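Here the structure comes first, spelled out in structure tokens, and everything after it is commentary.
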Ligand SMILES: [Zn+2]
């Protein structure tokens with residue numbers, strides 16, 4: 001019976017407070033953080049790992065791979081902008097007490113910092129396994145999102161942004177996402193060797209699902225009237241790269257950037273030149289920017305979900321479902337046959 005020595009288990013009360021985190025109940029035996037004995041019982045069972053993930057895409061992987069062997073919580077609340085998540089001291093403390101923290105360095109400064117100070121010995125940074133591309137490489141066109149940078153001719157460089165030089169949205173590429181799944185399975189197996197084979201098998205199942213999804217995208221996007229993908233939040237560089245689309249982002253890599261009127265006028269001119277029919281907005285953000293450009297250019301607004309979080313408004317109940325909804329939205333908006 002392998003089980004790593006765990007730190008003092010959180011009491012139910014501490015857990016309830018600590019988990020402003022969204023418990024996603026990977027463990028099935030979600031004993032309910034309101035009950036004093038709940039969390040203690042799970043810990044005393046000696047089988048359940050306490051795993052914290054930074055964003056939904058990593059939560060989904062951890063849930064699929066660890067199954068009932070982990071209690072998984074996520075640092076980014078559903079619907080919140082993951083790019084500027086803030087962590088309370090209690091959550092930071094919880095990061096220190098977890099068995100494993102799974103995150104991607106460079107995406108969320110607060111998480112990077114909390115891991116550095118609290119979880120150096122028990123964190124998995126997946127950015128290496130994701131093999132991140134530099135922003136310029138991911139076939140996307142860049143606005144740079146601080147927009148004090150004049151204009152930028154969109155075929156060349158983006159300007160400075162607070163993300164560092166790499167595009168963090170690796171989960172929108174099924175292959176990179178699968179590589180990360182393997183890294184998570186390996187890490188869970190290292191922590192909990194008795195279940196290592198199970199974790200690896202679960203990762204393989206997941207990868208098979210991703211390959212099936214990838215085929216659907218390949219086929220679904222093979223023949224389209226346009227390959228230009230105009231999105232507000234520039235999250236789709238990897239997806240564009242993989243399926244030979246060209247992304248034009250309006251706000252840049254962080255969704256909260258406010259484009260200037262000059263930028264909007266410029267985007268509108270580009271959109272007219274591209275002859276596209278659809279501007280993609282995302283579910284958790286106001287559609288104002290997309291609507292402005294759409295009105296300007298006589299195009300329509302459709303939803304494309306960067307899957308940074310899952311909410312009741314999401315077009316599916318998990319990664320695979322939302323990705324399939326994205327595919328349908330792309331096929332309609334790009335005129336794919
Ligand atoms: Zn993003």
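What follows draws every value from the coordinates through simple rules; no lab data is involved. Treat the numbers as computed from the prediction; the structure is a model and nothing was measured.
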Using alpha-carbon positions, the gyration tensor of region 168-255 gives root eigenvalues a ≥ b ≥ c; with a/c under 1.5 called rounded, otherwise prolate if a/b exceeds b/c, else oblate, the class is oblate
Here the relative contact order (percent) of region 179-337, from C-alpha pairs under 8 Å and at least 6 apart, is 22 percent
Whole-Å distance linking the alpha carbon centroid of region 94-120 with that of region 178-251 is 23 Å
